[in-house]
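Single-structure report; data block below.
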Amino acid sequence: MRARWAVGLIVLTAACTAPSTAENPTAAASPSLTSTGTLPLTAVDFQCSLPVFSIGAPQLQDAFISFPTLTPTPAGSGGRYFDRAVSRWVPVSRQSVSPDGLQYSYTDGWNPSPPAAPHVHLVDASTGQDVRVFPMPDAQPYTVVDFTSSGIYLVIAYEGIAPGVWRLDPATGAVAKTSDGYYQPAGVGWISVIDPSDPNPARSALDGQPQPDRIDRRDSAGKTVTWFYKPGYAVLAVGFAGTPALLVQANYQDASKQAYRSEFWLIAAPGKSVKLFVYDGNGQVPSPYGDLSSGFYNAIADRHGIWIGSDHSLYLVKPSGQILRVYGEAVYPAGVCG
């Protein structure tokens, strides 16, 4: 089974309905730590090969790790994602690969001064050669956020994400703006909203605008249900198609900008949530999971759980919320473990 990122950035909308339920947090079991304050390595009870990458000069270092032996086999391709549909490493992350795995997309060529519009490359994943190259309509730093069956979705990303979503038709090259908010795929998907009942929603440090505090899911019939709501927190989500799980990061900062708290959650269903760990920006709540935050948005789900890399180790989050440290090197997942 191949997992796909459903949402990285999700649309910012004004909700008209009250939240359906409050959170029902279930604390994950407290771990036994090593003398250095880290989780001990846990041997998994299944066999598979996980593609991973690590960041190193002059290019990304990619490899396969065999479980449960933890045997690494270097790939030497310098790729970020292993596309099983074509048995080839590609230089983009999973959300930039088409649903069938046969193509991927990326942008290049943007320049602020003198102004130069970027180009969108549509690439044959089996050969790495361009199929077509499309110019964007203006000199903005567009970047690909998802490649779906309905098109290639782009946002403006430069020192943050600017509101607005554009869809490029890979058959014709036509570009159309589809939203004035943040990213939301058409049809089934996760929706980020600002709940009107929150008296003090979190605000962006960049522009002071209210930030989403609630995550809803829209099903194939168009019905929308609240999965997570955290008043006063800025809520970000990572969803996975075909897997009933949602990773959520909820960030809080007080008005003085001195106190900062970041909570990480696993949501299995509406009202069914597990708080995975907490990061306190003042260091008052130390956590052996602190380094997971660096790989939270590169997480990949499969039948074994959710793989999260970090600057120190590789972790596997089980459906119960249990976090296992399964490999003791700095790697990030680059596909499912097959």
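Any read-out appearing in this document is the output of simple, stated calculations on the displayed coordinates, not a laboratory observation. The structure presented is a predicted model; accordingly, all values stated were derived computationally and were not measured. We place every Cβ from the backbone using ideal geometry, glycine too, and count neighbours over all the protein chains shown.
Data table
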quantity	calculated
Matching residues in segment 301-324 - criterion: being part of a strand (DSSP E or B) and closer than 16 Å to PRO72 by Cβ	TRP307, GLY309, LEU314
Hits in segment 74-119 - residues which are without any contact (Cβ under 8 Å) to a residue 24 or more places away in the chain, in a strand (DSSP E or B) and within 21 Å of PRO333 (Cβ to Cβ)	PRO74
Subset of segment 297-338 [touching a Phe, Trp or Tyr at 6+ places or on another chain (Cβ under 7 Å) and among the aromatic types (Phe, Trp, Tyr)]	TYR332
Subset of segment 112-132 [of a type outside the set (Lys, Arg), closer than 20 Å to ASP100 by Cα and either within 24 Å of the chain's Cα centre (by Cα) or surrounded by 12 or more Cβ atoms within 10 Å (Cβ to Cβ) (or both)]	VAL120, HIS121, LEU122, VAL123, ASP124, ALA125, SER126, GLY128, VAL131
Residue count for segment 54-73, restricted to those that are surrounded by 16 or more Cβ atoms within 10 Å (Cβ to Cβ) and either in a loop (DSSP other than H, G, I, E, B) or in contact with a Cys (Cβ under 9 Å, 6 or more places away or on another chain) (or both)	3
